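Taking it in order: structure first as structure tokens, then the write-up.
The values are calculated or read from the model by the stated rules, or taken from the named source; none is laboratory data. Since this is a predicted model, take the numbers as computed values, not measurements. Note that each Cβ is placed from the backbone with ideal geometry, even for glycine, and that neighbours are counted across all protein chains shown.
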Amino acid sequence: MKRDVTALTDRAYDVVIVGGGIFGVCAAWEATRRGLAVALIDKDDFAHATSAHCFKIVHGGIRYLQHGDLGRARVSSQERNAFLRMAPHLVHPLPIVIPTYGRGKQGKAVLRAGLALYDMLTWDRNRGIPDPERRIPRGFSMSRDEVLGLFPRLDRQGLTGAGVLHDGHIYSPPRLALAFLRSAVDAGAAAANYVEATGLLWAHNRVRGVVAKDTLSGDTFPIQADLVLNAAGPWSEYWLAQHLGRPAPQTCTFSRDAYMIIPRRAEQSYALAVLGQTKDPDALLSRSHRHLFVVPWRDCTLIGVWHRVHDGSPESWDVSEEELREWIDEINGAYPALQLTRGDLGTWNAGLVLFGDNTPGAADLSYGKRSRVVDHQQEHGIDGLITLIGVRYTTARYEAARVMTLILQKLRKNSREAFPAEAPVHGGDIESFSRLLSFVVAQRPYGLGEEVLRPLLHSYGSAYADVLRLGEERAALAATVGDSSVLGAAVVYAAREEMAQTLADVVFRRTDLGTGRYPGADALTECANLMAAELGWTLRRTRAELDAVRRIFTRYGSREAAAPGQYSDDGSARVAAS
């Protein structure tokens, strides 16, 4: 998957997609699957914003039962099933324990009934999943002693047991997006990151493509297409207002959804649901408060999610130190056994998610429930333009299929399926992940152990050998970067085969280097030097890349990144001369 900007101008496309988050890349994948000629661009890196920073759970839709939204629960379960089958290296089942207390809505009987109803509604949740380890079990109950065996420091007063359900867990949301994108490109799509749509092309009062700018070179060029799909997420309405030549109504509300990453391995493999401080105003039947989740992820623990209505541009949000302290106090109040302090926090993650309508200042917030698909010909009399703003990572594939059906109708084309709708994405051609892991560990390539090979297989799946092969070039590529589990070969592979253009692309989206915790100045410097050698960076450029990554870590709450002694006197880590 090479970055070839010239390919964007080689032909006229059926559709050009603006926005390379999970909804944009799934739309590109669905378009190529149906035989359309498609180009995709993003002004930054692919999956750089909300898609990279989601809570890493593929929701099966059980909470939608509380709203009486059975259709949405069905769709979510089906899409979770699709992710489990199509990307077995990146999505796996996650057991979640929900403690029960006393009687009534927080008691075991009500929760057991809800789990039973959900199991009946999602009777086909394991359709087509041959590997038993990847199947979603039925919900079940735990006794009080069983729950305390897993979580011995739970509040025991009134504890009657727990209900256990399973959802999907994503190893790396940006790599899952890249897997869909790589599949689309392999099937003929043209794609490029760091290409901004700076205007619309018009012909006979119809949109006929976009004016694009390569933000790396500064070159401007047209991309011609019969239809433009605006999939820029929280940027969508701002982009429309800027380029339509007329005011576009701001009809969407977004929530800044955020969570904490604690660089501490969870005590067990179960996630734990605890009651937070807010309520769900839309629920027909709910517990006393919404849940916060304590989730094991790699060698870290995720805690969240906290929601806050965001007003303003998509670039203007942040999380304050005061908020972090409030979150720590709330989770300690809900689950005192964690005993978290600010020093325990590695980083936080956040992104803007389509939200519901809420009264200003409301504490109990209404979540977004449906993605928005706008045919601008019907809404505003503008032909050749459609907007898709997705509401949940889980339903990206479903919404892509829905919008492509609309696009085919507007283009008056028939669908010509190039590959099945549920074919494995790039790296997903795996019958059993555990058997693949056992096989590769037994081979011990370059003498590597499971602590390195397991994350390698999670990231690349059946394409792992393409990365390992680079280790034959020189010893540094067959070794890990600093004290991390990331191979030098993965850094070079990201630059050669995955369109990585910046150090941040590699650290935060192509590898595990910075997705859980700050990896240290030495590891970042080694990674930067590998990138510099591959892409021909100057010493000045390499230092600038390191500074940019350090600022990102600092913004996302890492105190280690800002600690004295990490960098040289000029603020940069020491790098090799290029």
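Condition test on residue 88, is it of a type outside the set (A, V, I, L, M, F, W, C), part of a loop (DSSP other than H, G, I, E, B) and touching a residue at least 12 places away in the same chain (Cβ under 8 Å)?
On the way: of a type outside the set (A, V, I, L, M, F, W, C): yes; part of a loop (DSSP other than H, G, I, E, B): yes; touching a residue at least 12 places away in the same chain (Cβ under 8 Å): yes.
In short, yes.
For the subset of segment 74-117 comprising residues that are hydroxyl-bearing (Ser, Thr, Tyr) and farther than 27 Å from residue 396 by Cα, which member is surrounded by the most Cβ atoms within 10 Å (Cβ to Cβ)? Restricting to residues being hydroxyl-bearing (Ser, Thr, Tyr) and farther than 27 Å from residue 396 by Cα, the top hit is 100. Take the conditions (1) among the basic types (Lys, Arg); (2) at pLDDT 95 or above; (3) under 29 Å from residue 132 (Cα atoms); residue 43 misses just one of them, which is (3).
Taking segment 304-357 as the region of interest, how many residues are among the polar types (S, T, N, Q) and in contact (Cβ under 8 Å) with a residue 60 or more places away in the chain? Number of matching residues: 3. For segment 63-73, taking the residues that are hydrophobic (A, V, I, L, M, F, W, C) and crowded, with 18+ Cβ neighbours inside 10 Å, the one that is nearest to residue 350 (Cα to Cα) is identified as 73.
Taking the criterion of being surrounded by fewer than 18 Cβ atoms within 10 Å (Cβ to Cβ) and either free of Cβ contacts under 8 Å to residues at least 24 places away in the same chain or assigned to a strand (DSSP E or B) (or both), the residues of segment 218-240 that qualify are 218, 220, 221, 222, 224.
For segment 241-255, how many residues are touching a strand residue (DSSP E or B) at 6+ places or on another chain (Cβ under 7 Å), surrounded by fewer than 21 Cβ atoms within 10 Å (Cβ to Cβ) and of a type outside the set (Ser, Thr, Tyr)?
Applying the first criterion (touching a strand residue (DSSP E or B) at 6+ places or on another chain (Cβ under 7 Å)) to segment 241-255 yields 243, 252-255.
Cutting the leftovers down to surrounded by fewer than 21 Cβ atoms within 10 Å (Cβ to Cβ) gives us 243, 252-253.
From the residues that got through so far, the ones that are of a type outside the set (Ser, Thr, Tyr) too are 243, 252.
Counting residues in segment 241-255 that are touching a strand residue (DSSP E or B) at 6+ places or on another chain (Cβ under 7 Å), surrounded by fewer than 21 Cβ atoms within 10 Å (Cβ to Cβ) and of a type outside the set (Ser, Thr, Tyr) gives 2.
Note on segment 34-62: residues that are buried (at least 24 other Cβ atoms within 10 Å of the Cβ) and over 23 Å from residue 171 (Cα atoms) amount to 6.
Output yes when any residue across segment 241-260 is in contact with a Lys or Arg (Cβ under 6 Å, 6 or more places away or on another chain) and either aromatic (Phe, Trp, Tyr) or closer than 30 Å to residue 518 by Cα (or both), and no when none is.
Narrowing segment 241-260 to residues in contact with a Lys or Arg (Cβ under 6 Å, 6 or more places away or on another chain): 256.
Narrowing the set further to residues that are either aromatic (Phe, Trp, Tyr) or closer than 30 Å to residue 518 by Cα (or both) leaves 256.
Yes: one or more hits.
Residue 95 meets all of the listed conditions (1) touching a helix residue (DSSP H, G or I) at 6+ places or on another chain (Cβ under 9 Å); (2) not assigned by TED's automatic domain parsing to the domain that holds residue 399 but one, namely (1).
Checking residue 120 against (1) out of contact with any Lys or Arg (no Cβ under 7 Å at 6 or more places or on another chain); (2) crowded, with 17+ Cβ neighbours inside 10 Å; (3) modelled with pLDDT of 95 or more; (4) farther than 30 Å from residue 239 by Cβ, only one condition comes out false. Which one? Checking residue 120 against (1) out of contact with any Lys or Arg (no Cβ under 7 Å at 6 or more places or on another chain); (2) crowded, with 17+ Cβ neighbours inside 10 Å; (3) modelled with pLDDT of 95 or more; (4) farther than 30 Å from residue 239 by Cβ, the one that fails is (2).
Of the listed requirements (1) closer than 28 Å to residue 419 by Cβ; (2) surrounded by fewer than 23 Cβ atoms within 10 Å (Cβ to Cβ); (3) over 15 Å from the mean Cα position of the chain (by Cα), residue 29 misses just one: (2).
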